[in-house]
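One structure below.
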There are 2 protein chains.
Amino acid sequence: MAGAPTLAVDGMGGDRAPGAIVDGLEIAAERHPEMRFLLVGDSARLKPLLAHHHRAAASAVLRHASEVISDDMKPTAALRLRNASMRLAIDAVASGEAGGVISAGNTGALLALSKIVIKTLPGIDRPAMAAIGPSERGDVIMLDLGANVTCDVRNLIEFAVMGDVFARTVLGLPAPTIGLLNVGSEELKGGEQLREAAEILKESPLGQQFHGFVEGYDIAAGTTDVIVTDGFTGNVALKTGEGALKLVRGLLRQVFESSLSARLGYLLARPALDRLREWLDPGRYNGAVMLGLNGVVVKSHGGTDAEGFAHALDVAMDMLLHGFNEGISAGLARMGTIEPPGGRKAADGGQPLAPAI
Amino acid sequence: MAGAPTLAVDGMGGDRAPGAIVDGLEIAAERHPEMRFLLVGDSARLKPLLAHHHRAAASAVLRHASEVISDDMKPTAALRLRNASMRLAIDAVASGEAGGVISAGNTGALLALSKIVIKTLPGIDRPAMAAIGPSERGDVIMLDLGANVTCDVRNLIEFAVMGDVFARTVLGLPAPTIGLLNVGSEELKGGEQLREAAEILKESPLGQQFHGFVEGYDIAAGTTDVIVTDGFTGNVALKTGEGALKLVRGLLRQVFESSLSARLGYLLARPALDRLREWLDPGRYNGAVMLGLNGVVVKSHGGTDAEGFAHALDVAMDMLLHGFNEGISAGLARMGTIEPPGGRKAADGGQPLAPAI
């Protein structure tokens with residue numbers, strides 16, 4: 001790897017690629033002149049774009065890729081495209097040429113290829129997808145968002161460790177609070193696995209930050225900085241929340257178009273409404289992150305514009321510049337060996353969270 | 001049971017009981033003069049209230065209950081209060097005196113007592129909680145919302161049957177569409193159980209109405225009229241969506257208070273904004289329903305006002321007046337015997353959905 005932190009960028013992924021990708025790169029290069037980019041894709045299309053983007057051109061090295069992984073391609077098929085832009089960008093992380101990769105392309109392919117090519121961090125059983133979203137009290141991180149349909153206790157603990165480091169690295173919080181997502185009624189509380197994970201977290205070095213169980217309401221309320229859950233529940237919660245916000249945005253549009261006085265009202269309240277829209281803007285929260293791999297992997301929304309892609313680039317750069325993966329290793333080491341719940345000392349038992357070697 | 005359909009009302013459940021309960025009863029009694037109510041609670045408090053609510057007084061019979069199940073009481077403790085208002089109201093359903101019960105009190109106690117005292121409908125393995133919520137295309141029903149933390153294939157199929165009948169009965173839809181909640185990415189789709197349930201529904205008499213898998217987005221989008229999921233996921237999704245809507249309501253309040261011109265804008269857009277608020281009003285969707293018991297069981301929000309309680313009463317009355325439980329039995333009979341997936345004819349195998357007796 002060169003001296004400067006380098007991010008491999010899939011230039012061909014996403015509905016508006018490569019235009020929005022290079023536009024976003026231009027914005028990000030201005031914000032972080034210390035970063036280097038490896039821009040991978042069809043050079044016949046990327047070269048002319050770079051000619052008009054001087055900052056991106058100054059920070060990026062172009063690498064030609066003859067193939068593109070389409071959005072509807074199955075990961076198994078994508079695996080065979082050795083010269084796809086996404087694949088070559090991922091390869092650059094595996095070889096150590098880049099510290100991370102970002103793509104707005106096919107999510108399933110990015111997850112599968114990253115897991116296979118970049119591989120899991122020592123000590124991590126299963127990588128997780130995380131994202132940042134809005135809440136009443138500021139930004140909230142949730143994971144897993146769908147990388148693992150089923151999770152065991154160890155996975156949930158690892159998600160807590162990774163969520164903690166992610167919140168420190170990207171949100172800059174010194175001691176993020178952590179909640180374990182569960183259902184409401186006392187009598188109906190989630191299964192044995194959630195109780196066990198809660199017991200372990202309570203007794204762990206993360207115990208001071210661990211808030212205990214949280215419910216669906218707590219996500220938007222911002223009760224904790226990090227919400228830990230299995231990939232099935234997290235995926236449903238994320239999309240349910242996004243769907244609810246989209247519903248209200250649509251309804252507000254109707255409200256302000258419903259009469260002349262409502263339109264006038266919109267004009268008067270517009271500066272504040274624009275701030276609200278910006279605040280809830282999906283682009284501002286663009287960028288789901290694959291945590292737990294031997295490199296930073298960021299997935300931008302496929303439909304993103306340049307500004308949204310630049311936000312995703314920010315997240316990737318923050319993780320690279322602030323040593324996210326080093327933080328994970330340190331976090332796992334701090335956790336040491338998980339004690340089985342019930343207080344028995346894990347002299348010979350327990351499950352090592354830190355790498356055995 | 002008397003000739004007229006009768007609903008037992010817990011007069012003491014909820015933060016604003018008994019005032020809001022009797023106020024709500026007054027509204028409901030006006031809407032449905034054909035209904036009869038059995039109002040259960042402290043007669044020293046209820047009698048003076050009824051004196052000022054002539055319609056409620058004309059439709060209701062008062063029954064004294066010397067005890068109240070508090071909100072923080074565990075169901076096991078609640079079970080011992082034989083003279084609690086909630087208990088006596090539930091007893092009236094078990095004895096056949098009333099066709100259903102409604103309470104704004106302790107949810108866990110209502111669920112547990114109803115299951116034990118009223119018991120499950122023949123052919124139903126597990127009762128489910130359902131609620132109605134807003135979407136882009138109209139009202140949406142989701143179940144289970146937390147009565148069952150884990151569910152098997154049979155439970156999901158039964159939820160689909162009950163959701164179908166609930167949508168016909170309460171929303172008046174002739175052929176409601178049904179979706180099975182799952183996660184997005186093709187490669188990561190939910191487990192064997194969801195695939196199996198989808199296979200069975202596709203081949204069942206509900207096949208024409210079955211839309212297949214839906215995602216979190218689809219709830220607020222209104223892609224299907226009924227969303228079927230396990231109680232853990234449904235509880236998280238419901239509360240996440242409610243949390244997101246609450247977040248936006250709070251932000252809009254801030255927007256319109258942020259400047260003089262924004263305040264003026266609010267006044268101009270107010271009629272349309274009030275319609276929006278009313279449309280998203282949690283009170284309008286007040287009333288979670290316990291489906292699959294030998295009687296109608298409706299839970300109103302604890303914090304409900306009179307109008308919200310009247311909405312919950314509407315749901316209970318619709319279910320009673322339109323024969324909800326008879327619909328469930330007919331729906332189960334239509335489903336017949338579940339064939340194991342894979343096409344093998346269930347000559348001797350398969351799992352009976354209809355009551356064996």
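Bear in mind that the values in this text are calculations on the coordinates, not laboratory data. Keep in mind it's a predicted model, so treat the numbers as computed, not measured. Cβ placement follows ideal geometry from the backbone for every residue including glycine, while neighbour counts extend to all protein chains displayed.
Summary of the geometry: the range A:148-207 and the range B:212-265, compared by the centres of their Cα atoms, lie 24 Å apart. Residue order for B:Val236, A:Val149, B:Val161, fewest other beta carbons within 10 angstrom first, comes to A:Val149, B:Val161, B:Val236. Normalised Debye scattering of the protein assembly as shown at q = 0.09 Å⁻¹ gives log10 I(q)/I(0) of -0.87, counting only Cα atoms as equal scatterers and leaving out solvent. DSSP beta bridges fully contained in the range A:126-285 are about 30 percent antiparallel.
For the range A:126-285, averaging the sequence separation of C-alpha pairs within contact (under 8 Å, six or more residues apart) and dividing by the residue count gives a relative contact order of 30 percent.
Normalised by the number of residues in chain A, what is the relative contact order in percent for Cα pairs under 8 Å and 6+ residues apart? Rounded, it is 22 percent for chain A.
Tell me, how many Å apart are the Cα centres for the range A:10-53 and for the range B:287-336? When both Cα centres are located, 57 Å separates them.
Pop out the Kirkwood hydrodynamic radius of the range A:74-226 from its pairwise C-alpha distances, inverse of mean 1/r, in Å to one decimal. 17.0 Å is the Kirkwood radius here. Across peptide B:245-253, the mean count of Cβ atoms from other chains lying within 10 Å of each residue's own Cβ comes to 6. Judged by the mean number of other Cβ atoms found within 10 Å, the most tightly packed of the peptides B:205-218, A:91-104 leads the ranking A:91-104, B:205-218.
Against the empirical 2.2 N^0.38 Å (N residues), the range A:1-87 has a Cα radius of gyration ratio of 1.09. This ranking places B:His52, B:His311, A:His301, A:His322 by how few other beta-carbon atoms lie within 10 Å of each, fewest first, which gives B:His52, A:His322, A:His301, B:His311. Sorting A:8-15, A:19-26, A:264-271, A:290-297 by their mean Cβ neighbour count within 10 Å, with the most densely packed peptide first, gives A:8-15, A:290-297, A:19-26, A:264-271.
Could you check what % of the DSSP bridge pairs in the protein assembly as shown are antiparallel, to the nearest 5? So the antiparallel bridges amount to about 30 percent of the total.
Per residue of peptide B:256-265, the mean number of Cβ atoms on other chains within 10 Å of the residue Cβ is 5.
Per-residue shielding of B:105-113, expressed as the average number of other chain Cβ atoms within 10 Å of the residue Cβ, stands at 2.
Overall shape of chain A was characterised from the C-alpha gyration tensor. The equivalent ellipsoid obtained from it has semi-axes of 34, 29, 17 Å, in decreasing order.
Each of A:Asp225, B:Asp139 was scored by other Cβ atoms within 10 Å of its Cβ. Arranged with the fewest first, they read B:Asp139, A:Asp225.
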